[in-house]
Amino acid sequence: MAQHEHVRVAVIGSGFGGLGAAVRLRREGITDFVVLERADSVGGTWRDNSYPGCACDVPSHLYSFSFAPNPDWPRTFSGQRHIRAYLEHVADTFGLRPHIRLGHEVTVMRWDGTELRWVIETANGTTLTADLVVSACGPLSDPKMPDIPGLADFPGKVFHSARWDHGTDLTGKRVAVVGTGASAIQIVPAIQPKVGRLTLFQRTPPWVMPRMDRRISGVERWLHRTLPVTGTARRGLLWGIRELQVGAFTKHPNELGLVERIAKGNMARAIKDPALRAKLTPSYRIGCKRILLSNTYYPALAQPNADVVAAGLTEVRGSTLVASDGTETEADVIIFGTGFHVTDMPIAERVVGAEGITLAEHWKDGVQSLRGATVSGFPNWLSIIGPNTGLGNSSMILMIESQLNYLADYVRQLDVLGGRVALDARPSALGAWNRRVQDRMRRTVWNTGGCDSWYLDANGRNTTVWPGTTADFRRATRTVDLAEYQVVRPPKQEPAAGTEEAPRAEEVVG
């Protein structure tokens, strides 16, 4: 890529959000764009997470783009390998490869208020400019490792689930898994049969429902290939069922009692030891944390070579791991399934807006955006999977496609306005939007369920999840309301001495 290349749009990241944005730009007739990817291949979180047992907890036919259906999903819940292959297929099918710049990690994005464009620098020394930036880094892209005293001196292998060390053979080893989130409940049953001893450090037990997974038959796949409408109908049914569930999460959390009984029955079938069952039984309302799906997690923990420490890891003394309740465990390998920087995304440190401050500084009191996409003081900068766009029970691809609609109309509005122009979210509009979101959040299970989840930021605000249906969000992001934005034009040019005053251009309209 040529030095100081200028493009109309720069997309950051090549996961579902980034590739989806690229496809939508092409469908809008825009080919002057690049996709900047820090890794050596596309795939986002489905490239980074390659741990044993890695799979999706959303049904396959709902976890794919509506404009790129896959009739050949092999299972009702797909594994990492097949989802990554699907994303590679999307990149090829829609001709995105010429736009993708692999190995281009963005180190800084700085707004140039004179030229009304973003100046982007990458780790390999490339500098380019763009009229519009679409940040599709995603909240599950940067692993979170806890700061534990003595960890640096641990003599064995240490790695995060999203950076799996495939060169480490776990056979016969004493392995400690720290965390009980979506990754850990897949890792534990995948490695338990081969390790010598498995110790799970559990601060909070999760609610685990049965995983209704099965092989999709050849007849079903043939039918979806031959009559695509059948695949569309299947997707629609999966979507509708999940839309009907939303009210229990957002308005009537007490209705979730039946779901809790099902989860407890799932545990009781595998865990016969009353003491272990007590350790694994949550004390908060189901849905407060993400509900996990597994048929193998509890059976693995019931095996003789598995132990559950119902406390967090607080100290490492050589090869001895010490929990907050004083329990000591010897380990050869530590695997952290401790999540990601969701409410404090590192990319925010690299975005410098119109006022010369970073997005992280702007968000020092909590992340927020207008309709999950734009931020005041950061013109022509949009995020995919921004604040309060996450889901607790359905497919994030639905939310991504809604944000792609917003992106498409954003570009159309810039075209209609004409010339060098930028849109900057009005603080009043952003404030009004987030007050509505937080007002709706008060009654949800995520705020009233009695747990401390990764949905909440340091101030206890839920800045992660969308408190409504995906249809609600689709309506809210169908078009850009220019009344919510300041229309920014190039600054006035001072006339040179001895010359007539240069023609004045509007600086801000509306």
State whether one or more residues within region 426-436 are small (Gly, Ala, Ser), in contact with a strand residue (DSSP E or B) (Cβ under 7 Å, 6 or more places away or on another chain) and either without any contact (Cβ under 8 Å) to a residue 60 or more places away in the chain or surrounded by fewer than 17 Cβ atoms within 10 Å (Cβ to Cβ) (or both). yes
Residue identified as buried (at least 16 other Cβ atoms within 10 Å of the Cβ) and not aliphatic (A, V, I, L, M) among GLY326, GLY312: GLY312
Matching residues, region 269-285, being closer than 19 Å to GLY257 by Cβ and not β-branched (Val, Ile, Thr): ARG277, LEU280, PRO282, SER283, TYR284, ARG285
Subset of region 270-295 (residues that are touching a residue at least 12 places away in the same chain (Cβ under 8 Å) and in a helix (DSSP H, G or I)): ALA270, LEU276, LYS279, LEU280
Helices (runs of 4 or more DSSP H) contained entirely in region 405-510, each with at least 3 residues that are modelled with pLDDT of 95 or more and out of contact with any helix residue (DSSP H, G or I) (no Cβ under 6 Å at 6 or more places or on another chain): 427-441, 470-476
Is it the case that region 81-93 has a residue that's modelled with pLDDT of 95 or more, closer than 26 Å to ARG420 by Cβ and out of contact with any strand residue (DSSP E or B) (no Cβ under 6 Å at 6 or more places or on another chain)? no
Of the residues TRP222, TRP207, which single one is aromatic (Phe, Trp, Tyr) and not assigned by TED's automatic domain parsing to the domain that holds TYR284? TRP222
Please list, ordered by first then second residue, the pairs with beta carbon atoms under 7 Å, 6 or more apart or interchain, first in region 372-395 and touching a residue at least 40 places away in the same chain (Cβ under 8 Å) and farther than 24 Å from ARG8 by Cβ, second part of a loop (DSSP other than H, G, I, E, B) and of a type in the set (Gly, Ala, Ser). PRO387/SER369; PRO387/GLY372; ASN388/GLY372; THR389/GLY372; GLY392/GLY287
Search result, residues across region 470-480 that are surrounded by fewer than 20 Cβ atoms within 10 Å (Cβ to Cβ) and touching a residue at least 40 places away in the same chain (Cβ under 8 Å): ALA471, ARG474, ALA476, ARG478, THR479
Residue tally, condition touching a strand residue (DSSP E or B) at 6+ places or on another chain (Cβ under 8 Å) and surrounded by fewer than 21 Cβ atoms within 10 Å (Cβ to Cβ), over region 278-292: 3
Name the single residue, out of those in region 88-99 being in contact (Cβ under 8 Å) with a residue 12 or more places away in the chain and outside any loop (DSSP other than H, G, I, E, B), that is surrounded by the fewest Cβ atoms within 10 Å (Cβ to Cβ). THR93
For region 59-87, what are the residues that are aliphatic (A, V, I, L, M), in contact (Cβ under 8 Å) with a residue 24 or more places away in the chain and surrounded by fewer than 22 Cβ atoms within 10 Å (Cβ to Cβ)? LEU62, ALA68
Does ARG101 satisfy the condition of being of a type in the set (D, E, K, R) and over 28 Å from ILE357 (Cα atoms)? no
Given the residues TRP118, TRP73, which is the only one that is outside any loop (DSSP other than H, G, I, E, B), aromatic (Phe, Trp, Tyr) and at pLDDT 95 or above? TRP118
Can you find, within region 128-174, the residue that is nearest to the chain's Cα centre (by Cα) among those that are over 27 Å from GLU37 (Cα atoms) and without any contact (Cβ under 8 Å) to a residue 60 or more places away in the chain? ASP147
Filter result for GLN368 (in contact with a helix residue (DSSP H, G or I) (Cβ under 9 Å, 6 or more places away or on another chain), part of a loop (DSSP other than H, G, I, E, B) and over 24 Å from ARG489 (Cα atoms)): yes
Is there a residue in region 346-357 that is modelled with pLDDT of 95 or more, within 16 Å of ASP147 (Cα to Cα) and surrounded by fewer than 18 Cβ atoms within 10 Å (Cβ to Cβ)? no
Picked from region 1-50 (must be in a loop (DSSP other than H, G, I, E, B) and at pLDDT below 95), the residue nearest to PRO379 (Cα to Cα) is HIS4
Looking at this structure, is GLY138 modelled with pLDDT under 95 and either not in a strand (DSSP E or B) or not assigned by TED's automatic domain parsing to the domain that holds SER395 (or both)? yes
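The values are calculated or read from the model by the stated rules, or taken from the named source; none is laboratory data. No experiment lies behind these values; they were computed from the predicted model shown. Here the Cβ is made from the backbone with ideal geometry for all residues, glycine too, and neighbour counts use every protein chain on show.
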